[in-house]
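See below for the structure under consideration.
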Amino acid sequence: AQACKEIGFFAIVGHGVDPIVVDKAWKASQGFFDLSTEEKLEAKSKDDASYPYGYERNEKLIVGKTKDQQKGEVPADLKETFAVGPSDP
């Protein structure tokens, strides 16, 4: 919990996933996030109600922390994400 609060993420180690698979995933992720905003927006969900996954950028993600930020409790959340999930959430 401390890593999530102070750093914003954590990494799981000792999971047994082949290092080649992990390396390919990191490279694919970097390749995606190196794209222009316009290109990344093409991967945004067309219908969040039926498929709430895909690309999201900071403007949407920062809204939930606005009140805490105004109190000076948390820094701005300037991140982008790409979420995947089941086709029938």
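5 Å is the cut-off here: which amide hydrogens, built 1.01 Å from N in the peptide plane, fall below it relative to residue 54, excluding neighbours closer than 5 in sequence?
83, 84
Return the sequence-ordered ³J(HN,Hα) values of segment 13-29 in whole Hz as given by the Karplus equation 6.51 cos²θ - 1.76 cosθ + 1.60 applied to θ = phi - 60°, using x for Gly and Pro.
The phi angles translate into 10, x, 8, x, 6, 3, x, 5, 5, 4, 4, 5, 5, 4, 5, 5, 5 Hz.
Assign one of three labels to segment 1-40, namely rounded, prolate or oblate, based on the Cα gyration tensor with a ≥ b ≥ c the square roots of its eigenvalues; rounded applies when a/c is under 1.5, prolate when it is not and a/b is larger than b/c, and oblate otherwise.
Oblate, because a/c is 1.5 or more while a/b does not exceed b/c.
At a Förster radius of 22 Å, what calculated FRET efficiency corresponds to the Cβ-Cβ distance of residue 79 and residue 17, to the nearest 0.05?
0.40
Each reported figure results from applying straightforward, stated rules to the coordinates on display, with no laboratory input. A quick note: this is a predicted structure, and the numbers were derived from the prediction, not measured. Cβ coordinates were reconstructed from backbone atoms using ideal geometry, including for glycine residues, and neighbour counts include every protein chain displayed.
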